[in-house]
Amino acid sequence: MSLFDALRHRLRPLFRRRDFERDMEEEFRHHLELRAQEFPDGEDPAARARARFGSPTYYMEETRRMTPLGWLDPLRQDLRYAWRNLRRTPGFTAVAVLSLAIGIGANSAIFSLIYSLLLQPLPVSHPEQLVEVEHVRREWPNDDFSYSEYQALRQGPGLRDLTAFAGAGEVPMVVGGLHRAVGVDAVDGNFFTTIGLRPLRGRLITREDEHARAPVAVISEGLWATVFNREPAAIGSTITLRDAAFTVIGVVPAAYRGLGYPGSFELAVPLSTLPLVGGRPVETAPDSATLQLVGRLSDPTALRGAA
(Lines give C-alpha, C1' and ligand atoms only; values in the text may rest on other atoms or scores of the structure.)
Protein backbone atom coordinates (compact mmCIF):
# COMPACT_ATOMS: atom_id res chain seq x y z
CA MET A 1 0.00 0.00 0.00
CA SER A 2 1.38 3.39 -0.99
CA LEU A 3 1.67 6.29 1.43
CA PHE A 4 -1.20 8.06 -0.31
CA ASP A 5 -3.45 5.01 -0.05
CA ALA A 6 -2.57 4.58 3.62
CA LEU A 7 -3.36 8.22 4.34
CA ARG A 8 -6.65 8.02 2.43
CA HIS A 9 -7.58 4.91 4.42
CA ARG A 10 -6.82 6.67 7.71
CA LEU A 11 -8.90 9.71 6.79
CA ARG A 12 -11.81 7.75 5.35
CA PRO A 13 -13.90 7.94 8.58
CA LEU A 14 -13.80 11.75 8.40
CA PHE A 15 -15.08 12.15 4.87
CA ARG A 16 -17.23 9.02 4.48
CA ARG A 17 -18.50 8.50 7.99
CA ARG A 18 -21.77 6.78 7.07
CA ASP A 19 -19.98 4.21 4.92
CA PHE A 20 -17.45 3.66 7.70
CA GLU A 21 -20.16 3.15 10.33
CA ARG A 22 -22.12 0.79 8.05
CA ASP A 23 -19.00 -1.26 7.24
CA MET A 24 -18.09 -1.45 10.92
CA GLU A 25 -21.56 -2.66 11.93
CA GLU A 26 -21.52 -5.22 9.11
CA GLU A 27 -18.13 -6.53 10.20
CA PHE A 28 -19.20 -6.97 13.83
CA ARG A 29 -22.44 -8.67 12.75
CA HIS A 30 -20.37 -11.05 10.63
CA HIS A 31 -18.16 -11.83 13.65
CA LEU A 32 -21.23 -12.60 15.77
CA GLU A 33 -22.64 -14.92 13.09
CA LEU A 34 -19.35 -16.82 12.93
CA ARG A 35 -19.27 -17.08 16.71
CA ALA A 36 -22.91 -18.30 16.79
CA GLN A 37 -21.96 -21.21 14.50
CA GLU A 38 -19.81 -22.51 17.37
CA PHE A 39 -23.04 -23.24 19.31
CA PRO A 40 -25.17 -25.37 16.97
CA ASP A 41 -26.90 -27.05 19.90
CA GLY A 42 -28.74 -25.43 22.72
CA GLU A 43 -31.03 -22.49 23.04
CA ASP A 44 -30.45 -19.09 21.41
CA PRO A 45 -26.93 -19.48 19.90
CA ALA A 46 -26.93 -15.76 19.00
CA ALA A 47 -27.26 -14.77 22.67
CA ARG A 48 -24.50 -17.19 23.67
CA ALA A 49 -22.32 -15.76 20.87
CA ARG A 50 -22.87 -12.19 22.13
CA ALA A 51 -22.04 -13.28 25.67
CA ARG A 52 -18.80 -14.91 24.49
CA PHE A 53 -17.86 -12.11 22.06
CA GLY A 54 -18.62 -9.19 24.36
CA SER A 55 -20.48 -5.94 23.81
CA PRO A 56 -20.42 -4.87 20.13
CA THR A 57 -21.13 -1.28 21.23
CA TYR A 58 -17.97 -1.25 23.33
CA TYR A 59 -15.83 -2.57 20.49
CA MET A 60 -17.34 -0.09 18.04
CA GLU A 61 -16.56 2.82 20.38
CA GLU A 62 -12.98 1.57 20.78
CA THR A 63 -12.68 1.32 17.00
CA ARG A 64 -13.90 4.90 16.59
CA ARG A 65 -11.43 6.06 19.25
CA MET A 66 -8.53 4.66 17.22
CA THR A 67 -9.59 6.63 14.12
CA PRO A 68 -9.57 10.44 13.61
CA LEU A 69 -13.16 10.36 14.89
CA GLY A 70 -11.71 9.61 18.33
CA TRP A 71 -10.51 13.19 18.75
CA LEU A 72 -12.79 14.95 16.26
CA ASP A 73 -16.07 14.04 17.98
CA PRO A 74 -15.00 15.27 21.47
CA LEU A 75 -13.57 18.41 19.88
CA ARG A 76 -16.83 19.05 18.04
CA GLN A 77 -18.80 18.56 21.25
CA ASP A 78 -16.51 20.90 23.20
CA LEU A 79 -16.80 23.57 20.51
CA ARG A 80 -20.59 23.30 20.48
CA TYR A 81 -20.71 23.59 24.27
CA ALA A 82 -18.35 26.58 24.24
CA TRP A 83 -20.30 28.28 21.45
CA ARG A 84 -23.61 27.88 23.31
CA ASN A 85 -22.11 29.38 26.47
CA LEU A 86 -20.57 32.27 24.57
CA ARG A 87 -23.86 33.06 22.84
CA ARG A 88 -25.54 33.33 26.23
CA THR A 89 -23.04 36.00 27.38
CA PRO A 90 -22.24 38.27 24.40
CA GLY A 91 -20.53 40.89 26.58
CA PHE A 92 -18.10 38.37 28.03
CA THR A 93 -17.57 36.92 24.54
CA ALA A 94 -16.62 40.31 23.11
CA VAL A 95 -14.15 40.97 25.94
CA ALA A 96 -12.63 37.48 25.60
CA VAL A 97 -12.24 37.73 21.82
CA LEU A 98 -10.77 41.24 22.07
CA SER A 99 -8.33 40.14 24.78
CA LEU A 100 -7.22 37.17 22.71
CA ALA A 101 -6.79 39.35 19.61
CA ILE A 102 -4.72 41.93 21.48
CA GLY A 103 -2.59 39.26 23.17
CA ILE A 104 -1.92 37.33 19.98
CA GLY A 105 -1.20 40.51 18.01
CA ALA A 106 1.13 41.89 20.66
CA ASN A 107 3.04 38.63 20.98
CA SER A 108 3.39 38.34 17.19
CA ALA A 109 4.61 41.92 16.89
CA ILE A 110 7.11 41.55 19.75
CA PHE A 111 8.47 38.28 18.38
CA SER A 112 8.80 39.77 14.87
CA LEU A 113 10.66 42.76 16.30
CA ILE A 114 12.99 40.64 18.45
CA TYR A 115 13.69 38.28 15.56
CA SER A 116 14.48 41.06 13.09
CA LEU A 117 16.63 43.00 15.54
CA LEU A 118 18.33 40.33 17.66
CA LEU A 119 17.85 36.80 16.31
CA GLN A 120 18.10 37.21 12.55
CA PRO A 121 21.68 36.49 11.40
CA LEU A 122 23.67 39.47 10.16
CA PRO A 123 24.08 39.60 6.35
CA VAL A 124 27.86 39.56 6.67
CA SER A 125 30.55 37.03 5.87
CA HIS A 126 31.34 34.60 8.72
CA PRO A 127 29.38 36.40 11.45
CA GLU A 128 30.60 33.83 13.99
CA GLN A 129 34.07 35.41 13.75
CA LEU A 130 32.89 38.90 14.71
CA VAL A 131 33.34 39.96 18.31
CA GLU A 132 32.47 43.07 20.26
CA VAL A 133 35.47 44.31 22.21
CA GLU A 134 34.93 45.29 25.84
CA HIS A 135 37.15 46.30 28.69
CA VAL A 136 36.41 45.88 32.39
CA ARG A 137 36.85 48.76 34.78
CA ARG A 138 36.68 48.48 38.52
CA GLU A 139 33.19 49.99 38.65
CA TRP A 140 31.46 48.24 35.72
CA PRO A 141 32.13 46.54 32.37
CA ASN A 142 32.17 49.05 29.53
CA ASP A 143 32.15 48.88 25.76
CA ASP A 144 32.98 52.55 25.12
CA PHE A 145 36.52 53.33 24.01
CA SER A 146 38.47 56.49 23.30
CA TYR A 147 40.20 57.07 20.00
CA SER A 148 43.63 56.61 21.61
CA GLU A 149 42.53 53.25 23.08
CA TYR A 150 41.21 52.23 19.69
CA GLN A 151 44.53 52.98 18.02
CA ALA A 152 46.43 51.07 20.72
CA LEU A 153 44.18 48.02 20.40
CA ARG A 154 44.39 47.78 16.63
CA GLN A 155 47.54 45.68 17.01
CA GLY A 156 45.98 43.47 19.67
CA PRO A 157 46.53 39.68 19.59
CA GLY A 158 44.01 37.33 18.05
CA LEU A 159 42.32 39.90 15.82
CA ARG A 160 42.69 39.93 12.08
CA ASP A 161 41.20 43.40 11.97
CA LEU A 162 39.59 45.90 14.30
CA THR A 163 37.21 48.72 13.47
CA ALA A 164 35.21 51.38 15.28
CA PHE A 165 31.91 53.19 15.00
CA ALA A 166 30.03 55.79 17.00
CA GLY A 167 26.32 56.39 17.16
CA ALA A 168 25.50 60.01 16.39
CA GLY A 169 21.88 59.63 17.43
CA GLU A 170 19.04 61.17 15.46
CA VAL A 171 20.14 63.84 13.01
CA PRO A 172 17.82 66.16 11.04
CA MET A 173 17.87 65.35 7.33
CA VAL A 174 16.53 67.29 4.36
CA VAL A 175 15.99 65.65 0.97
CA GLY A 176 14.23 67.59 -1.76
CA GLY A 177 12.11 69.54 0.68
CA LEU A 178 11.36 66.53 2.89
CA HIS A 179 12.38 67.02 6.53
CA ARG A 180 12.82 64.09 8.89
CA ALA A 181 15.17 62.77 11.60
CA VAL A 182 17.36 59.75 10.84
CA GLY A 183 19.52 57.50 13.01
CA VAL A 184 23.15 58.00 11.99
CA ASP A 185 26.25 55.89 12.66
CA ALA A 186 29.72 57.29 12.06
CA VAL A 187 32.00 54.44 10.95
CA ASP A 188 35.72 54.08 10.39
CA GLY A 189 36.98 53.56 6.85
CA ASN A 190 37.54 49.84 7.35
CA PHE A 191 34.21 49.20 9.06
CA PHE A 192 32.29 47.61 6.21
CA THR A 193 35.24 45.58 4.94
CA THR A 194 35.89 44.28 8.46
CA ILE A 195 32.34 43.08 9.04
CA GLY A 196 32.14 41.77 5.46
CA LEU A 197 29.00 43.58 4.31
CA ARG A 198 28.23 43.95 0.62
CA PRO A 199 26.24 46.88 -0.76
CA LEU A 200 22.79 46.42 -2.24
CA ARG A 201 23.45 49.41 -4.48
CA GLY A 202 26.51 51.56 -5.16
CA ARG A 203 29.47 51.22 -2.83
CA LEU A 204 30.29 51.49 0.87
CA ILE A 205 32.52 53.81 2.88
CA THR A 206 36.27 53.16 2.44
CA ARG A 207 39.55 54.25 4.06
CA GLU A 208 39.96 56.84 1.33
CA ASP A 209 36.65 58.43 2.31
CA GLU A 210 37.76 58.46 5.95
CA HIS A 211 41.18 60.00 5.25
CA ALA A 212 39.72 62.62 2.90
CA ARG A 213 36.94 63.49 5.37
CA ALA A 214 34.61 63.02 2.42
CA PRO A 215 30.98 63.99 3.13
CA VAL A 216 29.50 60.77 1.80
CA ALA A 217 26.68 58.66 3.16
CA VAL A 218 25.47 55.07 2.95
CA ILE A 219 21.74 54.64 3.52
CA SER A 220 19.62 51.70 4.65
CA GLU A 221 17.29 49.90 2.26
CA GLY A 222 14.36 51.13 4.33
CA LEU A 223 15.42 54.76 3.91
CA TRP A 224 16.02 54.17 0.21
CA ALA A 225 12.48 52.81 -0.14
CA THR A 226 10.62 55.41 1.92
CA VAL A 227 12.51 58.56 0.87
CA PHE A 228 13.85 57.73 -2.60
CA ASN A 229 11.14 55.26 -3.75
CA ARG A 230 13.92 52.81 -4.65
CA GLU A 231 15.04 55.03 -7.50
CA PRO A 232 18.52 54.15 -8.88
CA ALA A 233 19.09 57.91 -9.13
CA ALA A 234 19.38 57.97 -5.32
CA ILE A 235 23.04 57.00 -5.77
CA GLY A 236 24.87 60.26 -6.34
CA SER A 237 22.07 62.44 -4.98
CA THR A 238 22.66 65.03 -2.26
CA ILE A 239 21.12 65.05 1.19
CA THR A 240 21.55 67.58 3.96
CA LEU A 241 22.44 66.38 7.46
CA ARG A 242 22.14 69.28 9.86
CA ASP A 243 23.70 72.01 7.72
CA ALA A 244 26.17 69.85 5.75
CA ALA A 245 25.64 68.39 2.27
CA PHE A 246 26.40 64.69 1.90
CA THR A 247 26.46 62.57 -1.25
CA VAL A 248 24.67 59.19 -1.17
CA ILE A 249 27.13 56.56 -2.43
CA GLY A 250 25.43 53.27 -1.55
CA VAL A 251 22.56 51.29 -0.05
CA VAL A 252 22.95 48.45 2.47
CA PRO A 253 20.60 45.42 2.59
CA ALA A 254 17.48 45.57 4.75
CA ALA A 255 18.76 42.76 6.97
CA TYR A 256 21.58 45.01 8.20
CA ARG A 257 20.27 47.20 11.00
CA GLY A 258 23.52 48.44 12.46
CA LEU A 259 25.66 47.07 15.26
CA GLY A 260 24.74 49.65 17.87
CA TYR A 261 21.39 50.15 19.54
CA PRO A 262 18.91 47.84 17.77
CA GLY A 263 16.82 49.61 15.18
CA SER A 264 18.68 52.94 15.42
CA PHE A 265 20.59 52.68 12.14
CA GLU A 266 19.34 54.39 9.00
CA LEU A 267 22.43 56.02 7.60
CA ALA A 268 26.23 55.84 7.92
CA VAL A 269 28.88 58.52 7.39
CA PRO A 270 32.70 58.43 7.75
CA LEU A 271 33.96 58.73 11.32
CA SER A 272 36.04 61.76 10.38
CA THR A 273 32.86 63.66 9.41
CA LEU A 274 31.28 63.16 12.84
CA PRO A 275 31.50 66.93 13.64
CA LEU A 276 29.35 67.68 10.58
CA VAL A 277 26.44 65.73 12.11
CA GLY A 278 26.78 67.17 15.60
CA GLY A 279 29.47 64.97 17.17
CA ARG A 280 32.88 65.76 18.62
CA PRO A 281 35.97 65.07 16.51
CA VAL A 282 37.41 61.84 17.89
CA GLU A 283 41.01 62.65 16.92
CA THR A 284 41.15 65.93 18.85
CA ALA A 285 39.44 64.41 21.88
CA PRO A 286 41.51 61.22 22.25
CA ASP A 287 40.38 60.49 25.81
CA SER A 288 36.66 60.86 25.14
CA ALA A 289 35.10 57.39 25.31
CA THR A 290 32.61 57.50 22.44
CA LEU A 291 33.65 54.60 20.20
CA GLN A 292 32.44 51.00 20.07
CA LEU A 293 34.87 48.45 18.71
CA VAL A 294 34.21 45.37 16.60
CA GLY A 295 36.88 42.90 15.57
CA ARG A 296 37.19 39.84 13.41
CA LEU A 297 39.01 36.87 14.91
CA SER A 298 41.91 35.40 13.02
CA ASP A 299 41.49 32.26 15.16
CA PRO A 300 38.20 31.48 16.96
CA THR A 301 40.19 29.86 19.81
CA ALA A 302 41.85 33.23 20.46
CA LEU A 303 38.63 34.80 21.71
CA ARG A 304 39.90 35.27 25.27
CA GLY A 305 43.07 36.91 24.11
CA ALA A 306 41.17 39.18 21.73
CA ALA A 307 38.78 40.32 24.45
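The values are calculated or read from the model by the stated rules, or taken from the named source; none is laboratory data. What you see is a predicted model; the values in this text were computed from it and never measured. A quick note on method: Cβ atoms are made from the backbone with ideal geometry, for glycine too, and the neighbour counts reach across all protein chains shown. Areas reflect the complete protein model, heavy atoms only, side chains present, ligands, DNA and RNA absent. Shrake-Rupley method; radii C 1.70, N 1.55, O 1.52, S 1.80 Å.
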Starting from the amide H of residue 182, placed 1.01 Å from N in the peptide plane, find each other amide H under 5 Å away whose residue is 5 or more places distant or on another chain.
171, 173
I'd like the accessible area for residue 108, computed on protein heavy atoms only with a 1.4 Å probe and all protein chains in place. Round to 10 Å², please.
60 Å²
Where 78, 19 fall by accessible area, highest first, once all protein chains stay in place (1.4 Å):
78, 19
Cβ-defined net charge surrounding residue 184, 9 Å radius [Lys, Arg +1; Asp, Glu -1]
-3
Only Cα pairs under 8 Å and at least 6 apart count here; give the relative contact order of the stretch 177-262 as a rounded whole percent.
31 percent
